[in-house]
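Shown next, in structure tokens, is the structure this report addresses.
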Amino acid sequence: MRRFIFILFLYILFTCCVYSNVYNGLILYSYSQGVGSSNTYLMNNNYLYINTWDHLGGVIGIPHLNTDRSIIVQSRSQDHSFGNSHGPVGGVFEKLDWAGNILWNYSFYSDLFHPHHDFEVLPNGNILALAWEKKSLQEAQNYGRINIINEMWPLMIV
């Protein structure tokens, strides 16, 4: 039985390595710890950097490359008062041109909601984002939530 499992493992490993492909394209990513300045990098499959964008704030989630060579990123809001979150709290969306100039900047957060993690740029240019929506203990109980200690942060799509 062990021999069979070992042979099966080798077969799966071999077929994955032989038949896996690297797609011809570009790699776009941001390096950030969520606080302080950060960078977004565009490189090819040979790991040659094509462009770099600098950001004053920490980028949250995945950057998006547009057909006009601009990018849209979500940065951490420096003055959020949503609460003590332990995840990536964004709220500031920026569009930067190829040279790194900010074309527009939009802050979208309050004491009652806060975008986090990833977002999607729709074909018409609008942004679809995940956000936490703060509900008080009383609101959560009114919605039927039981065994809750304090406030609740359900997800909303905006």
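Tabulated data
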quantity: Failed item, numbered, when MET43 is tested on (1) within 29 Å of VAL158 (Cα to Cα); (2) at pLDDT 85 or above; (3) surrounded by 10 or more Cβ atoms within 10 Å (Cβ to Cβ); calculated: (1)
quantity: Any hit, the stretch 145-156, residues being over 30 Å from MET43 (Cβ atoms) and among the basic types (Lys, Arg); calculated: yes
quantity: Segments classed as strands (runs of 3 or more DSSP E), wholly inside the stretch 37-156, with at least 1 members that are β-branched (Val, Ile, Thr) and closer than 22 Å to ILE27 by Cα; calculated: 38-44, 49-55, 59-65, 71-76, 102-107, 113-121, 127-133
quantity: So ASN84, is it of a type in the set (S, T, N, Q) and either in contact with a Leu (Cβ under 6 Å, 6 or more places away or on another chain) or at pLDDT 75 or above (or both); calculated: no
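Conditions (1) within 17 Å of ARG69 (Cα to Cα); (2) exposed (fewer than 11 other Cβ atoms within 10 Å of the Cβ); (3) at pLDDT below 90, marked per residue:
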| position | (1), (2), (3) |
| --- | --- |
| LEU103 | yes, no, no |
| SER107 | no, no, yes |
| ASP118 | no, no, yes |
| LEU122 | yes, yes, no |
| LEU128 | no, no, no |
| LYS134 | no, no, yes |
| ILE148 | no, no, yes |
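The values are calculated or read from the model by the stated rules, or taken from the named source; none is laboratory data. Note that the coordinates shown come from a computational prediction; the quantities given were computed from them, not determined experimentally. Cβ coordinates were reconstructed from backbone atoms using ideal geometry, including for glycine residues, and neighbour counts include every protein chain displayed.
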